[in-house]
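The structure appears below as structure tokens.
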């Protein structure tokens with residue numbers, strides 16, 4: 001299972017097949033540290049359903065692998081009557 005960590009947004013460049021994305025350096029640094037690598041980083045750019053208030057049409061994120069551990073439900077509490 002993966003968690004999406006959003007690191008930026010962008011807009012499609014008019015009349016070109018290009019998306020210009022603004023990324024947060026702070027979020028990129030966190031991503032590199034959490035990924036534990038200095039060679040390559042991978043991220044995805046996806047269309048947003050609706051443009052935001054700044055007319056951004058795309059979002060950028062990286063996928064962080066989550067622990068596959070299933071949490072055990074808490075045992076029922078014993079109430080005194």
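Please report Rg over Rh for segment 2-65, where both radii come from the alpha carbon positions and Rh follows the Kirkwood definition.
Details: Rg = 12.7 Å, Rh = 12.6 Å.
Radius of gyration over Kirkwood radius for segment 2-65 works out to 1.01.
Between residue 6 and residue 22, the simple spin-label model (points 7 angstrom out along Cα→Cβ) gives 1.5 nm. Listed peptides 49-55, 27-33 appear in the order 27-33, 49-55 once ranked by packing, highest mean of other Cβ atoms within 10 Å at the front.
Every number in this text was worked out from the coordinates using simple rules, so none of it is lab data. Here the structure is a predicted model, which is why all the values come from computation and not from measurement. Ideal geometry is used to build each Cβ from the backbone, glycine not excepted, and the neighbour counts take in all protein chains shown.
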